[in-house]
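Working notes, beginning with the structure itself.
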Amino acid sequence: MKHTLAVLVENKPGVLARVSGLFSRRGFNIESLAVGTTEDPDTSRMTIVVRGDDRVLAQVTSQLGKLIDVISVSDLPASESVDRGLALIKVSADSRTRSEIMQIADIFRAKIIDVGSETLIIEVTGDKSKIEAITNMLGRFGIRELVRTGRIAMSRGEKTVNGY
């Protein structure tokens, strides 16, 4: 089972290394990790996806809470949160295929962000299945390069990780 954690930390050098080191020392694999500053420039938010049962979740949450730079740790159950990822896909596109690729991008509400003489770069945001679906559709044209972010997630409704 995958668990998504929102970890609010102090925005200081070395915090990411300490958090990721905790996972490696315990033998847990981070499946996805996204980090960025929050509305407060003194704090950063990490969205971490880890695979494991409830015991693993409890252990990881407890260990993270003991790190000095960690402000809070929250589990984000799928039913109570929304998540998104971002992918940039560079696909081969010549004059014969360009319009079909653009139609596929439009169907997925993706954006063409760069046009080259033989390529298009497409930006798509969404959940994992949406990104995989457009990647599969574009595969027949020849994907030259693909880069994806880690998953980011947020609780639905009024609940926040920072207590505001």
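The values are calculated or read from the model by the stated rules, or taken from the named source; none is laboratory data. All figures in this text were calculated on a predicted structure; none of them were measured in a lab. Please note: Cβ atoms are built from the backbone with ideal geometry, for glycine as well, and neighbour counts cover all protein chains shown.
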**OP:** Give the residues of region 21-42 that are in contact (Cβ under 8 Å) with a residue 24 or more places away in the chain and within 14 Å of LEU67 (Cβ to Cβ), sorted by residue number.
**Re:** LEU22, PHE23, ARG26
Subject >> Condition broken by THR125, with the remaining ones in (1) surrounded by 17 or more Cβ atoms within 10 Å (Cβ to Cβ); (2) closer than 24 Å to THR4 by Cα; (3) among the β-branched types (Val, Ile, Thr) satisfied >> reply: (1)
Subject >> ASP94 vs. criteria over 16 Å from the mean Cα position of the chain (by Cα) and not assigned by TED's automatic domain parsing to the domain that holds VAL9 >> reply: yes
Original post:
What residue, of GLU39, GLU100, is loosely packed, with under 15 Cβ neighbours inside 10 Å, at pLDDT below 95 and either touching an Asp or Glu at 6+ places or on another chain (Cβ under 7 Å) or acidic (Asp, Glu) (or both)?
Top reply: GLU39
Original post:
Of everything in region 135-158 that's buried (at least 16 other Cβ atoms within 10 Å of the Cβ) and among the polar types (S, T, N, Q), which residue is farthest from LEU88 (Cα to Cα)?
Top reply: SER155
Subject >> Test result for VAL147, assigned to a strand (DSSP E or B), modelled with pLDDT of 95 or more and in contact with a helix residue (DSSP H, G or I) (Cβ under 6 Å, 6 or more places away or on another chain) >> reply: no
Subject >> Options VAL19, VAL82, VAL91, VAL9; residue that is modelled with pLDDT of 95 or more, under 21 Å from VAL161 (Cβ atoms) and surrounded by 12 or more Cβ atoms within 10 Å (Cβ to Cβ) >> reply: VAL9
**OP:** Among the candidates SER79, SER99, single out the residue that is closer than 28 Å to LEU138 by Cα and either aromatic (Phe, Trp, Tyr) or in a helix (DSSP H, G or I) (or both).
**Re:** SER99
**OP:** Scan region 110-122 and give yes if some residue there is out of contact with any helix residue (DSSP H, G or I) (no Cβ under 7 Å at 6 or more places or on another chain), over 17 Å from ARG140 (Cβ atoms), modelled with pLDDT of 95 or more and buried (at least 16 other Cβ atoms within 10 Å of the Cβ), otherwise no.
**Re:** yes
Subject >> Residue within region 48-62 that is in contact with a strand residue (DSSP E or B) (Cβ under 7 Å, 6 or more places away or on another chain), free of Cβ contacts under 8 Å to residues at least 40 places away in the same chain and loosely packed, with under 14 Cβ neighbours inside 10 Å present >> reply: no
Original post:
Counting just the residues of region 1-51 that are of a type in the set (A, V, I, L, M) and touching a Gly at 6+ places or on another chain (Cβ under 9 Å), which one comes out farthest from ARG156 (Cα to Cα)?
Top reply: ILE30
